[in-house]
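Notes to accompany the following structure.
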Amino acid sequence: MVSPPGPDAPPEKTAPIRILYVITKANWGGAQKYVFDLSTCAAREGFAVTVAHGAPGELADRLHDAGIRTIEIPGFGRDVNPA
């Protein structure tokens, strides 16, 4: 039988919570700024953040400079067809 840790035991280390943000385009605009702000704030709070995006663009560059992991999904950056 294993005894629970005593009151002076160090806290258990746990893996950080992972967050995946997905955005179709990596050009710089309102939605991209929002994803950038969310990503960088979450990373500063200790979350493991990844952003998946379509074609490369300024968002991907800024995330890279901020140390945020990105995943490019080719063909994901197409325009929405309202028809």
Matching residues in segment 39-56 (assigned to a loop (DSSP other than H, G, I, E, B) and modelled with pLDDT of 95 or more) number 3
Just wondering, is there one or more residues in segment 15-31 that are surrounded by 14 or more Cβ atoms within 10 Å (Cβ to Cβ), touching a strand residue (DSSP E or B) at 6+ places or on another chain (Cβ under 7 Å) and more than 18 Å from F76 (Cα to Cα)? yes
Over segment 32-83, the set of residues farther than 22 Å from P16 by Cβ, small (G, A, S) and open to solvent by 60 Å² or more (accessible area, probe 1.4 Å) is G75, A83
- Query: Is segment 26-38 home to any residue that is assigned to a loop (DSSP other than H, G, I, E, B), at pLDDT below 90 and over 15 Å from the mean Cα position of the chain (by Cα)?
  - Reply: no
A careful count of residues in segment 32-83 that are basic (K, R) and in contact (Cβ under 8 Å) with a residue 40 or more places away in the chain gives 1
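The values are calculated or read from the model by the stated rules, or taken from the named source; none is laboratory data. Bear in mind the structure is a predicted one, so any value in this text is a computation, not a measurement. Reconstructed Cβ throughout: ideal geometry from the backbone, glycine too, with neighbour counts over all protein chains shown. Just the protein is used for accessible areas: all its heavy atoms, side chains included, with ligands, DNA and RNA removed. Shrake-Rupley method; radii C 1.70, N 1.55, O 1.52, S 1.80 Å.
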